[in-house]
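Every number in this text was worked out from the coordinates using simple rules, so none of it is lab data. Keep in mind it's a predicted model, so treat the numbers as computed, not measured.
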C-alpha cells in the first residue's frame, strides 16, 4: 500500500522546477526531477530519482477546488479527524483545513529506504514549505501545526521514539515539547490535551 505525506497550504502560488533544483544543489543533494505532467513553471506531477536512477518520490500538486483529488482528500480528512485526539487539535484543524488551497502529495517509493533518498525528500519538502507555508500530514501518523510540530495522534500502537509535539491551550497558544511516542503515560496526557509530566514545554 502506498505511503504518502503531504503539505497542505493556503497558498495557491507555484514553485517553479528551477527553484526546487536550486534547493537540491544548495543542500548538496544529487537528484533528478522529471516533469510527468505540466510545465517547468506550472508542474502538476514530478518523478524524483536519485543519482543511481532509483525511484525516490512522486510529487503531485493538487488544487483544492470544488472538484478533484485535492478537494476530496480535504473532505476525507475533515470526516476522519473527529475520531482522534486531542480535541483542541481537532477543533483547530476543522477551522484550518477549509482554508487550504493546494495539496502537495509526496508518494514515498523504494529509494526512501536509503539515507540519500531521505535527504532528497527533506530538501524538496523544506523548499516547498518555506516558500508556501502550511501544515504537514502523514498517513497513519497525523497532522502538524504551521510550525511543523505534531498535533493530532493517528499513530499505530507499536510506534516509539522521540517526537516533537504541540498542544493548543484554551487561550489559543501552542505549547511545544518532545515526548516518547512509546510511553503510554505520555500518550494519554497528549490525547487529553495536556503536556506530559516531565516534558518541558515552550509556549510559541
How big is segment 3-150 along each principal axis, measuring the range of its Cα positions in Å and listing the largest first? 44, 29, 22
Nearest 10 degrees, 0 to 90: helix 69-80 Cα axis against the chain principal axis: 10
Calculate log10 I(q)/I(0) of segment 152-204 for q = 0.12, 0.17, 0.19, 0.32 Å⁻¹, where I(q) comes from the Debye formula with a single equal point scatterer on each Cα and nothing for solvent. -0.23, -0.47, -0.58, -1.45
Stretched out fully, how many nm does the piece from residue 12 to residue 44 gain, at 0.36 nm a residue minus the Cα gap? 10.3 nm
GNM result for the chain, Cα springs below 10 Å: residue of 29, 159, 48 fluctuating most strongly: 159
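So what is the relative contact order of the chain, in percent, for Cα pairs below 8 Å that sit 6 or more residues apart? Please report the intermediate quantities before stating the final value.
Numbers: 391 pairs, mean separation 45.6, N = 204.
RCO, the chain: 22 percent.
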Springs between alpha-carbon atoms under 10 Å, Gaussian network over the chain: tell me which of 120, 151, 162 tops the mean-square fluctuations. 162
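Determine the relative contact order of segment 99-161: mean sequence separation of Cα pairs under 8 Å and six or more apart, normalised by residue count, in whole percent. Before the final figure, lay out each step's value.
On the way: 40 pairs, mean separation 10.1, N = 63.
Relative contact order comes out at 16 percent.
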How many angstrom lie between the Cα centre of segment 72-142 and the Cα centre of segment 153-204? 18
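Under the definition of Cα pairs under 8 Å and six or more residues apart, what whole-number percent is the relative contact order of segment 1-90? Don't skip to the answer; put the middle values down first.
Working: 86 pairs, mean separation 13.8, N = 90.
Reported as a whole number, the value is 15 percent.
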